[in-house]
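See structure below.
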Amino acid sequence: GVKAEGASACHGYFVLSSEPERIMASGLVMNEDLSKILNELWKADENRFLPGKDYQISVQGKASYVPAGSNNAKDNARRPLFSYVNEERLRTIKSFSAFTALLDNYEMSTGIAEVVTPEERAENSRFLDAILGTKVMQITHQYLAGKNLTSADPQGFKQHLYDIWFQLYSRGGNRGRDSSGFEHVFVGETKRGREIMGLHNWVQFYLQEKRNHIDYKGFVARKDKNKPDEDDHVLTLQFSWKEMVKPVGSSFIGVSPEFEFAVYTICFLLSQAKVSRELVMVDEYHLQIIVYRHGKYIGSSYPVLLSSNNTPLD
């Protein structure tokens, strides 16, 4: 059919109502324009780890229902999610090694003001330099600059990314600036020592699992038949992190840090809504990309898997 001009932008669809469920129920509209650029990024993601080659996962059992706020989850996965990850690649690919250096810099509990040391600032900057050198981020920069959503100048773009992702803001009332988009999405943080917030990144998941901080509890399926494949690049998981349970968390698996940065930055800049939910088809995955905005910064962002090609959407 003919698509109205502008309907393809991120703010075209689900953000005009404060009742997301109602909109969800009435069926979502595929965002073709966004799907197109995200598929371009998917194809350009040269640093992506390949299942069965660079890593091996074991999805095991289906997770049990856990009410929000409860830290009791039956363990339906005796073994870790990751049985193997090629650490040589984590160390030698620039964007991955710069990324893992950042993961250690964060204090886990929100409500404790973060202190950003000059070394950490330099590491943040080094990470941005590493991803800005990739094809994925070059395509992203072109796309966003073409829409006048960021500076055409590479340094200006880098500063823009720094502000969106690394600027500290307060999540916890008047307790000081204790959070950032990067920390929430890629590192994870806790809410009053109880609930896990964020932690949507597979590398952090793997590293925390290896240190015995994370216990994978099982996959979350939409229906019994939807057991994920071991080579799926998007999974919905249940896990505990230092005793606290995350009942449902979705993550891209195997993708590079630049790919996730690119996807979330594009969605963030295409809309001004408090929350945007964009329906896209990326590779074989039918996803919703969710982005929460905390003013000028990223509050949270993650994919929600609706189906993949091998399982029909009912």
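The values are calculated or read from the model by the stated rules, or taken from the named source; none is laboratory data. The structure presented is a predicted model; accordingly, all values stated were derived computationally and were not measured. Here the Cβ is made from the backbone with ideal geometry for all residues, glycine too, and neighbour counts use every protein chain on show. We work out accessible area using only protein heavy atoms, side chains counted, and drop any ligands, DNA or RNA first. Shrake-Rupley method; radii C 1.70, N 1.55, O 1.52, S 1.80 Å.
At a glance:
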item	result
Total residues in segment 56-97, condition assigned to a helix (DSSP H, G or I) and closer than 18 Å to I253 by Cα	8
Close pairs (6 angstrom Cβ cut-off, 6 or more residues apart or separate chains): open to solvent by 20 Å² or more (accessible area, probe 1.4 Å) in segment 286-314, modelled with pLDDT under 80 and not in a loop (DSSP other than H, G, I, E, B) anywhere	H286/S307; L313/S307
Members of segment 30-46 found to be under 13 Å from Y285 (Cα atoms), of a type in the set (A, V, I, L, M, F, W, C) and modelled with pLDDT of 95 or more, listed by number	L38, W42
Residues (at negative phi and in contact with a helix residue (DSSP H, G or I) (Cβ under 6 Å, 6 or more places away or on another chain)) located in segment 274-297	S276, E278, V280, M281, V282, I289, V291, Y297
Among (1) farther than 26 Å from H160 by Cα; (2) modelled with pLDDT of 85 or more, the one test that H294 misses	(1)
Residue list for segment 138-159, restricted to those being in a helix (DSSP H, G or I) and either at pLDDT below 95 or open to solvent by 90 Å² or more (accessible area, probe 1.4 Å) (or both)	Q138, Q142, Q155, Q159
Flag for Y169 being modelled with pLDDT of 95 or more and open to solvent by less than 60 Å² (accessible area, probe 1.4 Å)	no
Every pair of residues 6+ apart whose Cβ atoms lie under 8 Å, when the first sits in segment 137-156 and is more than 20 Å from D45 (Cβ to Cβ) while the second is open to solvent by 80 Å² or more (accessible area, probe 1.4 Å) and not aliphatic (A, V, I, L, M)	S151/Q159
